[in-house]
Every structure is written in C-alpha cells, then in structure tokens.
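Read-outs throughout are calculated quantities, based only on the coordinates presented, and are distinct from any laboratory measurement. On a predicted model such as this, the values are computed, not experimentally measured, just so you know. Don't worry about glycine lacking a Cβ; one is built from the backbone with ideal geometry, like all the others, and counts go over all protein chains shown.
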Amino acid sequence: MQNNIQNNLISWYNHNHRQFPWRETTNPYYIWISEIMLQQTTTEAVIPYYKRFIQTFDTIDKLASASLEEVYKLWEGLGYYRRAKHIHETAQLICEKYDGQFPDTYEDILKLKGIGPYTAGAICSIAYGLSAPAIDGNVLRIISRLYALTENIALPKAQKNIFHIVNDLLIGYDASAFNQGLMDLGATICRPLNPQCEICPIAPFCKARQSGQQKVLPISIKNIKHKEINYITGIITYQDQYVMIQNPAGLLENLYGFIQYELESPYRFIEEFEKQYYISLSLVSYHGQVKHVFTHRTWHMHIYHFTISKPLSSLYSLNDISQLPVSTAHLKVLKHYLKTIE
Ligand code: SF4
C-alpha cells in the first residue's frame, strides 16, 4: 500500500480508533442522533444519552410518534434543547416525506432541519460511504497545518479552500475511515496546543511540521464586533528574558506590557516589529488567546512566542517583571503563557 496522507490516516484509524457506541453501526438514523448530540457536548457526556435515546426510540417511526415532552425528558441535562426539538420535527418529516427511511443523498440530508454541511458530510460518509467532506474545527486545523496554510481559517474563503482540499483527498478512498480518522487525529494528536507530531501518522506529509510552524498554525481569528479589538501579542524572549515596554500616554499609561499590534496575523507582527526595532524576529509558537474587558472596549490578545537573536534594551527576567507595574491585561497574558509551557 502506497504511503500517502489517505492511506496513512485510514490505516492509523483502522488500528487505533476510539471506541464509541455510534461507531458500531452504519444506521444513518443512529449516526444522525449521535452527531447532533455531539454538537457542543463531549463524547463522554453523550454516551449514556445516546444509548438511552436509541434504546427508547430504536426507529425513526417511534421517535416521530413520541411527544415532544418524552423527547425532552431523554434530553434532560444535555442542554441546547433546540437540538431535541429539531430532531423530533425532522423525524416526523422523514416519516411523511421519505416513508420513515433516512434520505441517502447529501443534498436531501442537508435540507433537513438542524443539519449543516458538517453533519451532512459525516452522515453521508459514515452511513453510506459517500465521498463527502465533514469539515469541523478539527479538520480546519489539521488541513491548515498539513498544507501550511497561513490564511485565517475563520474566514469563509479559507474554509471553502479547505473543503476543496478534503474533497480531492477523499476521491477513491474510504470516506468513512478518512473523515473519522481526521476527527480522531484532531481530538487526540493534532490538538490545538502542543500537537504530538512525533506519533502522528501523517507527519511525513505535514508542511507545518517540516517548516516548524506546527505550534503556530492555524491562524484562527474570528471577526468581532465594533469596539472589540484583535491584537497579536508578542511574548518576545532573548534567552530567559522577556521584552516588555512601558506604555506611552493613553490607555494604561506608564504601565508595562508586552509588545502588541492591532493585527490579525503573527507574520504581519514580524513586519511591524522589524520596521520599528530593526531586529529580526523568529516565530516559535502559538499559545492561545486571552480576553480582557475594559469599560469601553474588549481586547482579544492572541499570544505568540517569538525570539530575537540579539538583545534589546527592554529585557526583563521573570523576577524583574514581578517588581514592575504591569497592566492586568498583560499579567493575564504572562500567566496564560507560562501555564501553556509548563
Ligand atoms: S505532524 Fe503535527 S502538526 Fe502536522 S498534522 Fe501531524 S500532529 Fe498535526
């Protein structure tokens, strides 16, 4: 078998996949219920609900003829009750329109209430083996890393591009194992912070890993409301010292903080920094984001670690920093950063 992304991922999935009750079936109705329950809920929390639900309503017919109260009762504690209402209404529609048989085309499934492109793709590939991408946050992250895509994956254009990439990868392969392989890889190995590249089955093909960007990508910065500001906040280190600057007049006057620019890409940060300080910067890793709310604005600080190759005048050890008047927002950033490197 040829070593490529698809074969490596599928073979890894077939040997290592996580065991869940919804993985013991290809019944589209059961897969649908599990996928809806898994929206906004962890796999561990879903297991007992899923089992109870399909035991009580083992066919779409039974679900359709139950009362909404009975459905709510089984949903109790799972939250987001609108999901239960949609499931109930959809079951009734399937009985009326499709004679109780779950539809079997991507287009028909996508028309059902409460089912978006991800869920439609998951049901089509897992239940029917159809070649349909199931793109969720995990897949966006993995593909962004695999191909070292530096576009912001929160934007529809980047998501469309990733959809096409996955669509092409799927052609001629086991779509069910491939899509579920991506789900498991994202949940266990290619995690948002600190991906475990050394045990990743597709590491030989990963451009982010090859270029040392696996802790930087993906860029994922959501568009936010007026008066909410995205910053790239730089933890810039030289050996074991940190660059901190004193704020000029204005908000947080005289307090110390990390260098940050109102930007949406760490690569633009490098350009701005180098223009201002004439020192080259290397991007090391992404450390999540911290939100800080002021009375009149909210900062979303996306924390990236950079290093400089020669010292700057504003370098401080952690001990020095504890003596400096640092703004609360940037103390939060430091605390968050230190926690992620523990
Ligand atoms: S090599 Fe690392 S970054 Fe690349 S896909 Fe695997 S875990 Fe993710």
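Some values worked out for this structure:
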| quantity | calculated |
| --- | --- |
| Cα shape, segment 1-53, gyration tensor, a/c 1.5 rule | prolate |
| Extension gain, T340 back to T188 (0.36 nm per residue minus Cα-Cα distance, nm) | 53.0 nm |
| Nitroxide proxy distance, nm - points 7 Å out along Cα→Cβ at D61 and H15 | 4.5 nm |
| Descending semi-axes in Å of segment 228-340, equivalent ellipsoid built from Cα gyration tensor | 19, 17, 14 |
| Cβ-derived FRET efficiency at R0 51 Å, L263 paired with Q101, nearest 0.05 | 0.50 |
| Antiparallel %, DSSP beta bridges [both residues in the chain], to 5 | 60 percent |
| Low-density loop cleavage sites - trypsin sites (Lys or Arg not before Pro) in segment 58-145, where at most 15 other Cβ are within 10 Å (DSSP) | K111, K113 |
| Rule-of-thumb Rg ratio for the chain [Cα; 2.2 N^0.38 Å; N residues] | 1.19 |
| Ranking of K222, K332 by count of other Cβ atoms within 10 Å, fewest first | K222, K332 |
| Sum of -39500 (n - 2.57) over DSSP H runs of 4+, divided by residues of the chain (222 nm, nearest 500) | -14000 deg cm²/dmol |
| Three-way shape call for segment 82-223 based on the alpha-carbon gyration tensor, with the a/c threshold at 1.5 | prolate |
| Electrostatic dipole magnitude of the chain [Cβ: Lys, Arg +1; Asp, Glu -1; Cα centre; debye, to 20] | 640 debye |
| Projected label distance in nm at E69 and D168, using a 7 Å step from Cα toward the beta-carbon | 5.6 nm |
| Segment 1-132 - Rg (one decimal) and Dmax (whole number), Cα, Å | 15.5, 53 |
| Per-residue Cβ neighbour rank within 10 angstrom, fewest leading, E228, E107 | E107, E228 |
| Neighbour-count order for H336, H302, fewest beta carbons within 10 angstrom listed first | H336, H302 |
| Trypsin sites (Lys or Arg not before Pro) restricted to DSSP loop in segment 1-51 with at most 11 other C-beta within 10 Å | none |
| Gyration tensor (alpha-carbon) shape descriptor, segment 172-306, a/c threshold 1.5 | prolate |
